[in-house]
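Chemist: After the structure tokens below, expect a handful of questions from me.
Just so it is clear, none of the values below were taken in a lab; they were calculated from the coordinates. From a predicted model like this one, the values you see are computed outputs, not experimental measurements. Positions of Cβ are generated from backbone atoms using ideal geometry, with glycine treated the same way; all protein chains shown enter the neighbour counts.
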Amino acid sequence: MSLSRPQPRPGVLSISAYVPGKSGAPGVAKVFKLSSNESPIGPSPRALEAYKGVAAHLEDYPDGAATRLREAIAGVYGLDPDRIVCGAGSDDLLNLIARAYLADGDEAIHSQYGFLVYPIATMGTGAKPVSVPEKDLTTDVDGILAAVTPRTKVIFLANPNNPTGTYIPYDEVKRLHRGLRPDILLVLDAAYAEYVGRNDYSTGLELVAESENVVMCRTFSKIHALAALRLGWMVGPAHVVDAVNRVRGPFNVNAPAIEAGIAAVQDAEHIERSRAHNDRWLPWLTEEIGKLGLTVTPSVANFLLIHFPGTNGKTAQAADAFLTTRGLVLRAVASYGLPGALRMSIGTEEANRLVVQALGEFMAA
Ligand SMILES: *Cc1c(COP(=O)(O)O)cnc(C)c1O
């Protein structure tokens with residue numbers, strides 16, 4: 001290899017850069033962005049107010065330890081604030097975990113249709129992402145356990161998963177944990193936890209509290225509707241928190257995010273309003289889209305995965321193009337290995353009804 005110019009570390013050039021859901025529909029006046037699982041309800045008015053309040057003090061560095069935010073989160077969830085780390089989105093935290101625990105030659109496991117940030121964060125460290133096939137678009141615990149090797153250091157588990165919308169019950173999470181060596185870090189990514197209305201689901205906080213090798217990551221981008229501010233948090237054992245804090249940027253969370261986050265996490269009423277909206281439209285969309293002859297993967301999150309037959313021109317790609325002409329922007333998930341499907345975020349009532357109408361016309365054409 002020519003060394004006539006700087007070379008990135010091994011693995012970096014194997015990364016396919018993350019391509020976010022598209023946000024526009026050229027030439028269409030009114031656009032409904034249903035491609036990034038953002039909240040149709042928007043953030044808490046109290047969070048907006050807190051955000052604006054910071055404008056008068058932009059010359060000041062934020063509190064690098066995000067102490068008041070960690071205390072607010074700890075208060076809501078009954079946690080020790082010293083066990084919490086905040087990040088610029090859970091993205092930041094997933095990358096910090098990878099940086100702290102992975103090196104050249106190590107392996108990190110994720111499930112087949114797992115969040116694309118996991119392999120990206122893994123490869124950035126020189127470690128190898130190991131993808132484990134799913135069963136019925138659902139995480140396969142036995143498959144993950146079988147994929148563990150002496151080099152495995154981290155398991156990334158999105159529960160519920162994006163883009164499938166499926167989840168595994170807490171018993172399965174615990175079974176996965178029981179089957180792991182104690183030196184393997186289990187990362188539970190519960191970005192959509194607030195939307196899940198199943199008795200057998202748990203974010204895994206109890207497991208975090210009882211173990212030395214489990215962390216849970218959460219985000220303010222989904223139900224709290226603060227995606228633009230980039231804010232997430234994780235909770236873990238003291239030794240993991242210590243390691244992550246050592247590689248963390250000293251001011252990785254900005255002051256507007258801290259203030260808005262404190263207000264958002266404490267606004268239970270607003271969270272409930274957002275959850276209620278989802279509870280109403282998730283089953284409605286699943287049923288109405290199903291009636292059109294399309295398969296919808298049963299989802300517990302704030303989005304659903306729609307599968308197209310692929311015959312007679314009824315492909316996901318054609319549907320995407322047709323919906324886009326109507327200003328309905330969904331998420332193509334070919335990059336996740338699902339070329340026959342589109343992911344739709346639950347939108348406003350207007351957006352949801354328009355999607356069903358447009359899909360009906362697309363299928364009938
Ligand atoms: C949206 C999402 C997140 C949140 O990412 P942020 O960086 O906090 O915006 C985390 N994990 C999964 C699986 C997601 O879909």
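Chemist: Can you give the local net charge around G232? Use residues other than it whose beta-carbon is closer than 14 angstrom to its beta-carbon, Lys and Arg +1, Asp and Glu -1.
Modeler: Details: positive: R70, R218, K222, R230, R248; negative: D91, D92, D189, E194.
Within the 14 Å Cβ shell, the charges total +1.
Chemist: Going by amide H atoms built from the backbone, whose H comes under 5 Å of the H on S202, apart from near neighbours?
Modeler: HN-HN under 5 Å from S202: Y170.
Chemist: Right, something else. Below 15 angstrom from the Cβ of V148, what's the summed charge of the other residues (Lys, Arg +1; Asp, Glu -1)?
Modeler: +1
Chemist: When ranked by the protection proxy of mean other Cβ atoms within 10 Å per residue, highest first, what sequence do the peptides 348-356, 36-44, 106-114, 145-153 form? Can you show the working numbers first?
Modeler: Values: 348-356: 17.4, 36-44: 20.4, 106-114: 24.0, 145-153: 14.7.
So the peptides 348-356, 36-44, 106-114, 145-153, ranked by packing, come out 106-114, 36-44, 348-356, 145-153.
Chemist: Grab the chain and count how many Lys pairs have their alpha-carbon atoms under 17 Å apart, sequence gap of 8 or more, or different chains. List each step's numbers first, then the result.
Modeler: Details: K22/K30; K22/K33; K33/K222; K128/K153; K291/K314.
So the count of such lysine pairs works out to 5.
Chemist: Starting from the amide H of T219, placed 1.01 Å from N in the peptide plane, find each other amide H under 5 Å away whose residue is 5 or more places distant or on another chain.
Modeler: W233
Chemist: Right, something else. Just name one of C86, N199, P150: the one whose Cα is farthest towards the positive end of the charge dipole of the stretch 45-267 (beta-carbon charges, Lys/Arg +1, Asp/Glu -1).
Modeler: P150
Chemist: Treat each spin label as a single point 7 Å out from the Cα along the C-beta direction, and report the A146 to R273 distance in nm.
Modeler: Label at A146, label at R273, 4.9 nm between them.
Chemist: Follow-up question, since we're still on this one. Rank-order 8-18, 210-220 by packing density, defined as the average count of other C-beta atoms within 10 Å over each peptide's residues, highest first. All intermediate terms of the calculation are to be shown ahead of the outcome.
Modeler: Values: 8-18: 11.5, 210-220: 21.8.
Top of the packing list down: 210-220, 8-18.
Chemist: Alpha carbon centre of the stretch 148-223 versus the stretch 327-342: separation in Å?
Modeler: 25 Å
Chemist: Sorted from largest down, give the three principal axis spans of the alpha carbons of the chain, whole angstrom values.
Modeler: Sorted largest first, the three principal extents are 58, 54, 51 Å.
Chemist: Please compute the length gained on full extension between F251 and Y18, using 0.36 nm multiplied by the number of residues separating them and subtracting their Cα-Cα distance.
Modeler: Working: separation 233, 0.36 × 233 = 83.88 nm, distance 2.41 nm.
Separation in residues times 0.36 nm, less the Cα-Cα distance, equals 81.5 nm.
Chemist: Also, I was wondering about something else. With θ set to phi - 60°, apply the Karplus curve 6.51 cos²θ - 1.76 cosθ + 1.60 along the stretch 225-232 and write out the HN-Hα couplings as whole Hz, x wherever there is a Gly or Pro.
Modeler: Using θ = phi - 60°, the values come out as 6, 10, 4, 5, 7, 6, 8, x Hz.
Chemist: Starting from 0.36 nm per residue, how many nanometres of slack lie between D136 and W284 once their C-alpha separation is accounted for?
Modeler: Numbers: separation 148, 0.36 × 148 = 53.28 nm, distance 2.21 nm.
Going from the current span to full extension adds 51.1 nm.
Chemist: Can you compute the helix-only [θ] at 222 nm over the chain? Use -39500 (n - 2.57) per DSSP H run of at least 4 residues, normalise by all residues, nearest 500 deg cm²/dmol. Before the final figure, lay out the partial values.
Modeler: Details: 12 runs with 134 residues, N = 365.
Rounded to the nearest 500, it is -11000 deg cm²/dmol.
Chemist: Using mean Cβ contacts within 10 Å as the protection proxy, how do 257-264, 202-209, 164-171, 51-58 order, highest first? Please report the intermediate quantities before stating the final value.
Modeler: Numbers: 257-264: 25.1, 202-209: 18.8, 164-171: 20.8, 51-58: 12.8.
Packing proxy ranking, top to bottom: 257-264, 164-171, 202-209, 51-58.
Chemist: Placing +1 at every Lys and Arg Cβ and -1 at every Asp and Glu Cβ, with all other atoms neutral, what dipole size does the chain have around its Cα centre, in debye to the nearest 20?
Modeler: Details: 34 positive and 38 negative charges, 190 e Å.
So the dipole magnitude of the chain works out to roughly 920 debye.
Chemist: Can you give the local net charge around L342? Use residues other than it whose beta-carbon is closer than 9 angstrom to its beta-carbon, Lys and Arg +1, Asp and Glu -1.
Modeler: Working: positive: R331, R343; negative: D320.
Net of charged neighbours comes to +1.
Chemist: Also, quick follow-up: Can you give me the long-range amide H partners of L328? Hydrogens built in the peptide plane at 1.01 Å from N, cutoff under 5 Å, separation of 5 or more residues or another chain.
Modeler: So L328 has HN proximity to F32.
Chemist: Still on this model: Quick one: work out the % antiparallel among DSSP beta bridges in the stretch 45-267, nearest 5. Numbers along the way, then the final one.
Modeler: Working: 9 of 26 bridges.
Bridges in the stretch 45-267 that DSSP calls antiparallel: roughly 35 percent.
Chemist: Let me ask something else about it. For the stretch 200-209, in order, what is each residue's ³J(HN,Hα) by Karplus, 6.51 cos²θ - 1.76 cosθ + 1.60 with θ = phi - 60°, in whole Hz (x at glycine and Pro)?
Modeler: Karplus-based 3J(HN,Hα) across the stretch 200-209 equals 8, 9, 8, 6, x, 4, 5, 5, 4, 5 Hz.
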